[in-house]
Amino acid sequence: MIKLNNLHHNPFLEAVNKKSGADVLDCYQCGKCVATCPVSSHMDITPRQIMQYIKLNQKTQVYMANSTWFCLTCSSCSARCPREIEIPSVMEACRHLAIEENVYPNSPKVKEIKRFHEIFIDMVKKYGKLYELRMMAEYNIRSGNFFKDIALAPAALFKGKLKLFPEKSKNMKAIDKMFKMAEELDKVKV
């Protein structure tokens, strides 16, 4: 059995709990999150193990795992969790903490996910919503796959699935305000 030593002084647990709004200590390792997760077979550390590593103050193991990056935040795990823990929020908190500390795995898949995430957020900041054509083009350029999916673009444009020109959200002031508030919250040290 794993003993939780130094539980009263676990800055990683405290940071994850604060950032996620969850209480990782509520997890009693039933494994329903793993059984439900559609991508757990692709993770090097399962969500159940992530929860245990957090309790054990094993920040490096959590940060270097691909798990927090592979999490789809689909909430299947939370729906089945008998303790009603918002596991996607925990996974996201770990990912954000890793970004803040600039520590993440050197995996090509994780780099792709991180790149996609950055481009997606940039699009939402600029347009208030996703501009798919630019998202696709910028992702392909940054990843070096210049012509990936290029054959799909004409048909998608013709069918109206992709817009040739971006449309900004009608409520850009609210979106700008949201991002400014998020930036202010990020400045507050955990």
Test Lys125 against the criterion of being charged (D, E, K, R), exposed (fewer than 14 other Cβ atoms within 10 Å of the Cβ) and assigned to a helix (DSSP H, G or I), and give yes or no.
-> yes
Would you check if there is a residue in region 70-79 being among the β-branched types (Val, Ile, Thr) and either touching a Lys or Arg at 6+ places or on another chain (Cβ under 6 Å) or at negative phi (or both)?
-> no
Among the residues of region 98-109, is any hydroxyl-bearing (Ser, Thr, Tyr), crowded, with 16+ Cβ neighbours inside 10 Å and not in a loop (DSSP other than H, G, I, E, B)?
-> no
Which residues, counting only those in region 59-83, are part of a loop (DSSP other than H, G, I, E, B) and touching a residue at least 40 places away in the same chain (Cβ under 8 Å)?
-> Ala65, Asn66, Cys81, Pro82, Arg83
Among residues of region 112-131, those that are within 18 Å of Ala93 (Cα to Cα) and either among the acidic types (Asp, Glu) or without any contact (Cβ under 8 Å) to a residue 12 or more places away in the chain (or both), counted | 3
Just one of the numbered conditions (1) more than 28 Å from Ala182 (Cα to Cα); (2) surrounded by fewer than 21 Cβ atoms within 10 Å (Cβ to Cβ); (3) at pLDDT 95 or above is not true of Cys33; which one?
-> (2)
Being of a type in the set (D, E, K, R), in a loop (DSSP other than H, G, I, E, B) and surrounded by 10 or more Cβ atoms within 10 Å (Cβ to Cβ) is the filter here, so list the residues in region 135-169 that pass it.
-> Lys148, Asp149, Lys161, Lys163, Glu167, Lys168
Screening Ala65, Ala79 for residues that are buried (at least 19 other Cβ atoms within 10 Å of the Cβ), over 17 Å from Asn17 (Cβ atoms) and of a type in the set (A, V, I, L, M, F, W, C) leaves only Ala65
Those residues of region 105-124 which are charged (D, E, K, R) and closer than 20 Å to Ile175 by Cα, in sequence order | Glu118, Asp122
Do we find that Arg115 is assigned by TED's automatic domain parsing to the domain that holds Met178, at pLDDT below 95, on the phi < 0 side of the Ramachandran plot and surrounded by 14 or more Cβ atoms within 10 Å (Cβ to Cβ) in this structure?
-> yes
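The values are calculated or read from the model by the stated rules, or taken from the named source; none is laboratory data. Everything numeric in this text was worked out from a predicted model, so none of it was measured. All Cβ positions, glycine included, derive from the backbone under ideal geometry; neighbour counts span all protein chains shown.
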